[in-house]
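Taking it in order: structure first as C-alpha cells, then the write-up.
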C-alpha cells in the first residue's frame, strides 16, 4: 500500500484513473534550516565591514573579510552580496579581468539580484 501526502493524493489518483502510469511523485524541496540570529549578525557584520573597506578604498582588506565570510559561511545568506563586493574589490585593486569574469558569472547566476546593476557596471567597464 502506498501512502500519499494529502496534497499529492488527488493528482496521483487523477493520473492513475486516466490510465497514465504514475512513476514518480515530485515532492517539495525541504525548507532551509533556520539560521541562528547570532550567525546572521556575524554574517551582516562581515558583509558590512567588507562594504566599508571597498567604499574606503581598502580592497585588500575587503578581500580578506570576504574570504573569511566564504570560509565561515559557505551557504551564507548573503552570498550574492559577498560576491558583488568581491567583484568590486577586485576591480578596485586593478584586477579587472578577474573582476569582469566573476561579474559575467554573477549576472548569469543572479540576473535579478538587487546588486546586479552594480555588478553589470564592472562587467561593462572597458
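The values are calculated or read from the model by the stated rules, or taken from the named source; none is laboratory data. This one's a predicted model, so the numbers in the text were calculated from it and none came from an experiment. As a convention, Cβ positions derive from the backbone with ideal geometry for all residues, glycine included, and neighbour counts pool all protein chains shown.
Quick notes
Each row is one residue, and each column tells you yes or no for (1) at pLDDT 95 or above; (2) over 14 Å from the mean Cα position of the chain (by Cα).
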residue	(1), (2)
21	no, yes
32	no, no
42	yes, yes
92	yes, yes
96	yes, yes
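- Filter pass, residue 77 being assigned to a helix (DSSP H, G or I), out of contact with any strand residue (DSSP E or B) (no Cβ under 8 Å at 6 or more places or on another chain) and either free of Cβ contacts under 8 Å to residues at least 24 places away in the same chain or closer than 27 Å to residue 38 by Cβ (or both): no
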